[in-house]
C-alpha cells in the first residue's frame, strides 16, 4: 500500500488521535500565520530516536507565505530529521520555550532566521498552560533581513504573529472546532484590522481601508469602533464574548458584501484584542444568489411538472371509471401507472437541487403500487441490493421500466388458472458507479416456449425494450429463473452519461 507523504508523516509521529486533530486544526489555520510573519512554516512532531540515540522529528506540514518569497521550494512533508540537523527544533522541544536563532536549513547554504515555537495541546479545555502537553514544534523560517528597516505594516503583522505564537505555546491556538480552512475565509492579503481590548481599531491595512471604503465608510478608522463607523459589529461582539472566531457578512451601499472574520487574541483565556480579516465577496455573493435563484426555478419547474402529471393521472382515472369496455379501462389504468411513476421522479427532484434521484425511494413506491394491483392470490414483493442515486435522465425511464416489469409479473407470472405456492417477485439492484444492473425474478409459470422480445405484441415489453436499449443504451435479457421456476428479466444500463459535443452554430 502506497502512503502519501502526509500519511507517512502521520504514521511516523508519536501522536494520540486528539493531538493529531489539534495539529490538523493548526495546519488548517496557518496560512494566516505564514502571511503575518512573512515566513515559511514547518511543523515538526517527535518521531522517536535514531540508532545513535539522537532525537528524531518528522515534518508533518509545510506552509509557504503569500506575502513573501518562499525559502523552501521543495516538498518537505514526511521528511525525517534529527537534533543534529535541526538543533533549534530540538532545543525548543527540550526547553518547552520559544527559541530564536540563525541556522542553515534544508536545501540551503546560507543561514536563515529561524524561530521555533512549542505547540501545546490541552486535553482538558479547562486546563491551564502548565497542564497543556507539548505535541510539536512550529518552525518559522525566513531569509535574513540585511540593511532594511521594516515598515508599519510589517511591524504590526510581526507583533500580531507574536501574540498568536504565545497562544500556540499555551495551547490556546488553534481554537476547538475552528473552520479557518473554509474556501471563502479571508486571508491576510485581503485586509487586516487589529483591535485593542476595548474593540477599538489600532491598525487597518491599506486593503482593509479599501474594503471599508467599498462599504461606504470613509472616516479615519483608527481609534474608532466598527459600530461607531456605521458597520455591523456582530462578528466582533461574538468573538469577544465567546473567545472563539466568528465570521459574518457586512453589507454596504450598492449591495457590496465584505466577509468579516474576527479572531480573538487571548492571554490566559482572556480576550486582549482581536485580528479582523476582511474580504470583498460581493461577486461571490452575487453568484450565490444567481445559483440560488436558478435552483429555486428548477425545483419549481419540477414541482409544476409533477402537478401537471398528477392532473393528467386524475383525468385518466376519471375516464377509466366511465368506460364499460374492460380492455379500454385496463389500458387507461396502465397509462395512469406510467404517468404516476414519472411524476414521482419529478416530486423527488423538486426537493433536491442536485438533479440525482435515489432509485431505492422510487422502487419502494413501485413495489407498493404493484402489491395494490394484485387481484388474485397475494404476491410477496421484495427488493435487495442498493442502486444508490442516479441522474434524473436515468431515473425517469428506469421508473417506467420498473413499473412495467412488476406489472408484467402481476399479470402474466401468476395467472388465476394456476395456483403457485408462495408466489414471489424479487428485485435486485446493483450499481458499481459505471453500470446499473437490475434483475427482476418471479417464481411463476415462466415464459411461453415461443417467446421472443423481438416479436412479442406486448405493449409493456415494447416500452421496456425501447427505454432500455434505445434511450438508456443498455442491454435487456429475458431468461428462466436460475433459482427455480419462473422468469428472470435482467437489464444493464450505463450510469455515466456521455457528454455530447456542442451543436454547430448556424444562422437563423
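The set of residues from region 334-367 being in contact with a strand residue (DSSP E or B) (Cβ under 8 Å, 6 or more places away or on another chain) and buried (at least 17 other Cβ atoms within 10 Å of the Cβ) comprises 345, 348, 349, 357, 359, 363, 367.
The number of residues in region 429-456 that are crowded, with 17+ Cβ neighbours inside 10 Å, in a strand (DSSP E or B) and free of Cβ contacts under 8 Å to residues at least 60 places away in the same chain comes to 6. Residues that are in a strand (DSSP E or B), at pLDDT 90 or above and farther than 16 Å from residue 117 by Cα within region 74-106 comprise 80, 81, 82, listed in sequence order.
Residue 204 meets all of the listed conditions (1) touching a strand residue (DSSP E or B) at 6+ places or on another chain (Cβ under 6 Å); (2) modelled with pLDDT of 90 or more; (3) surrounded by fewer than 20 Cβ atoms within 10 Å (Cβ to Cβ) but one, namely (3).
On the stretch given as region 393-426, residues that are at pLDDT 80 or above and either touching a strand residue (DSSP E or B) at 6+ places or on another chain (Cβ under 9 Å) or crowded, with 21+ Cβ neighbours inside 10 Å (or both) total 20. In this structure, does residue 66 turn out to be at negative phi, surrounded by fewer than 15 Cβ atoms within 10 Å (Cβ to Cβ) and free of Cβ contacts under 8 Å to residues at least 12 places away in the same chain? Judged against the criteria, residue 66 is not a match.
Of the residues making up region 457-474, those that are under 22 Å from residue 393 (Cα atoms), out of contact with any helix residue (DSSP H, G or I) (no Cβ under 7 Å at 6 or more places or on another chain) and not in a helix (DSSP H, G or I) number 1. Kindly evaluate residue 114 against the criterion of being outside any strand (DSSP E or B), touching a helix residue (DSSP H, G or I) at 6+ places or on another chain (Cβ under 6 Å) and either assigned by TED's automatic domain parsing to the domain that holds residue 192 or at pLDDT 90 or above (or both). No. Within region 360-387, being assigned to a helix (DSSP H, G or I) and either in the same structural domain as residue 340 (by TED's automatic domain parsing) or more than 11 Å from residue 429 (Cα to Cα) (or both) holds for 361, 362, 364, 365, 366, 367, 368, 369, 370, 371, 372, 373.
Condition check ((1) loosely packed, with under 12 Cβ neighbours inside 10 Å; (2) in the same structural domain as residue 406 (by TED's automatic domain parsing); (3) touching a helix residue (DSSP H, G or I) at 6+ places or on another chain (Cβ under 6 Å)) across all residues:
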site	(1), (2), (3)
302	no, no, yes
305	no, no, yes
308	no, no, no
315	no, no, no
318	yes, no, no
321	yes, no, no
324	yes, no, no
329	no, no, yes
332	no, no, yes
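Taken together, 193, 236, 271, 258 contain a single residue that is under 34 Å from the mean Cα position of the chain (by Cα) and surrounded by fewer than 22 Cβ atoms within 10 Å (Cβ to Cβ), which is 271. Taking region 149-264 and the strands (runs of 3 or more DSSP E) fully enclosed by it, the elements with 3 or more residues that are touching a residue at least 40 places away in the same chain (Cβ under 8 Å) are at 192-195. Considering the conditions (1) within 14 Å of residue 141 (Cα to Cα); (2) surrounded by 13 or more Cβ atoms within 10 Å (Cβ to Cβ), residue 121 is excluded by exactly one of them, (1).
The values are calculated or read from the model by the stated rules, or taken from the named source; none is laboratory data. Please read all numbers here as calculations on a predicted model, not as lab measurements. Cβ sites come from the backbone with ideal geometry, for glycine too, and all protein chains shown count toward neighbours.
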